[in-house]
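First up is the structure itself, then whatever we jot down about it.
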Amino acid sequence: MGGLTAALLLRDLGHDVDVFERATGELTGFGAGIAAHEVSVRYFVERTAASLASMTVPVHTYRLLDATGALLCEEPVDYRFVSWGSQYRVLLGELGHDRYHQGAALVGFEQDSRGVDVRFASGKQLRYDLLVLADGVQSTGRQRLFPGVEPAYAGYVAWRGTIAEADIPARIRDRLDDTITYGLIPNSHVLVYPIPGTDGRVDRGHRLWNFVWYRNVEQGAAFDELMTDRDGVPHPVSLRPGRVQDRYVRELRGFAAAALPEEISVVVAAAEQPFIQAIVDVASPAMAVGRVCIIGDAAFAVRPHAAVGTAKAAENAWTLAEAIENCGDDLPGALQKWSAHQTALGLNLLQRTRHLGNGSQFRCDWRPGDPAHRFGLYEPGDSSVWTRRR
């Protein structure tokens, strides 16, 4: 998402841009939902004909429940949610396929004062004025740029899944409607919220409900077994839908029924192919070295508790484009200033989300109504700014 946004913004400035994607098929995001922060949807609002009403689902109430379903906290919010896949498809449609090269795996690069030579697994080598690395948590580019900077496992994973709204019993659906609902239990928490349907529809009855359940898994044999797929292949960061071993899915559903409030356990139990994301921290020491920049999760992977992963990537892209537009004759200097600002953002988010995650998963000191839990990029609670501005 960050790579496509950066490519579009630089193209709109008149630059000749190519995007190289190592995957060979369509990226889907596995049906996952993401928060639509102001900067996340800025390109759609300012430069496309897409309307937020047609691609996002609003919610206006935050609820926090305990294991029995008792209400711990309720407050008004102004959040919108979008599906990762639908946002990706719109961005790719704006870019077009002529400059989007799939199956192109980066293996290395070298730079001098005038440009960057980029090498691919196919043997192809190309030269560019600027290289932007946006290749995710397991970034090859980061390994080359900052050897030794690797994802650090946080001690817990996120189980995720979706269910069609029409498949939720009416009495449960009525209780969930127009909310983001959290369940808080010892050493764990879970949330459910609505996202667009698989066909992009956002009207009631045609949406999906997305759950995210954070569960502690000790590093070592327990984690390694969980992250080994049905065919015995280990995965370091994520297991996609349909690849989780049946025994773990059965345990998930059984524990949900025993430990979670009904509104949430029903959603978890009905998700057909739940998948897993290991929660990790990644912190790069800088986001620009010469003519090479690194953005999004490749630069900083922060825990999802502030719901800003996509917003952070978009903010990296917008501020990078602004720095390049105003650089004059000093591109390296402009990139260093941009790097200092965005690295500070990444470090701040890393510290905030680490504190939130450790609080719910290990310290068990989540305080109902604490404003620190509100979504926000630069600070908690700034996520609804765009609704006031638009």
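Values as computed for the structure displayed
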item: Gyration tensor verdict on region 111-175 (Cα atoms; rounded if a/c is under 1.5, prolate if a/b is larger than b/c, oblate otherwise); result: prolate
item: Test item: Cα-centred dipole of the chain, Lys/Arg +1 and Asp/Glu -1 on Cβ, debye; result: 200
item: Span from the region 277-311 Cα centroid across to the region 325-385 one, whole angstrom; result: 10
item: Placed amide H near Leu133: partners under 5 Å, 5+ positions off or other chain; result: Cys293, Ile294, Ile295
item: With every protein chain in place, the chain: carbon and sulfur % of accessible area (1.4 Å); result: 49
item: Relative contact order for region 290-390, counting Cα pairs under 8 Å that sit 6 or more residues apart, in percent; result: 32
item: Radius ratio Rg over Rh of the chain, counting only Cα atoms, Kirkwood formula for Rh; result: 0.96
item: Relative contact order for the chain, counting Cα pairs under 8 Å that sit 6 or more residues apart, in percent; result: 21
item: Segments 76-89, 337-350, 366-379 sorted - mean Cβ within 10 Å per residue, highest first; result: 76-89, 337-350, 366-379
item: Alpha carbon Rg of region 232-355, scaled by the compact-globule rule 2.2 N^0.38 Å; result: 1.44
item: Distance in nm between pseudo-label sites at Asn216 and Asp229 (7 Å out along the Cβ direction from Cα); result: 3.0
item: Region 208-264, dipole about Cα centre (Lys/Arg Cβ +1, Asp/Glu Cβ -1), debye to the nearest 20; result: 140
item: Under the Karplus curve 6.51 cos²θ - 1.76 cosθ + 1.60, θ = phi - 60°, whole-Hz ³J(HN,Hα) for region 208-225, x wherever Gly or Pro sits; result: 10, 10, 9, 10, 9, 10, 8, 10, 6, 9, 5, 5, x, 4, 4, 5, 4, 5
item: Rel. contact order, % - alpha carbon contacts under 8 angstrom, at least six apart, region 143-281; result: 35
item: Square roots of 5 times each gyration tensor eigenvalue, C-alpha, region 116-231, largest first, Å; result: 38, 23, 13
item: Geometric extent, Cα atoms of region 1-154 - Rg, Dmax (angstrom); result: 19.5, 63
item: The chain, accessible area per residue, ligands and nucleic acids excluded (1.4 Å, Å²); result: 43
item: Centroid-to-centroid separation of region 43-86 and region 154-168 [C-alpha atoms, Å]; result: 16
item: Modelled FRET efficiency - R0 56 Å, Asp330 with Cys73, Cβ distances, 0.05 increments; result: 0.65
item: Length added when fully stretched, Leu126-Asp382, from 0.36 nm per residue minus Cα-Cα; result: 88.1 nm
item: The chain, helix-only ellipticity at 222 nm - DSSP H runs n ≥ 4, -39,500 (n - 2.57), divided by all residues, nearest 500; result: -9500 deg cm²/dmol
item: Karplus-derived HN-Hα couplings along region 193-201 (A = 6.51, B = -1.76, C = 1.60, θ = phi - 60°), whole Hz, x at Gly and Pro; result: 7, x, 9, x, x, 4, 8, x, 5
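The values are calculated or read from the model by the stated rules, or taken from the named source; none is laboratory data. Keep in mind that this is a model prediction, so the values were computed, not measured. Neighbour counts run over all protein chains shown; Cβ positions are idealised from the backbone, glycine included. Quick note on the areas: whole protein, heavy atoms, side chains included, nothing else; ligands and nucleic acids left out. Shrake-Rupley method; radii C 1.70, N 1.55, O 1.52, S 1.80 Å.
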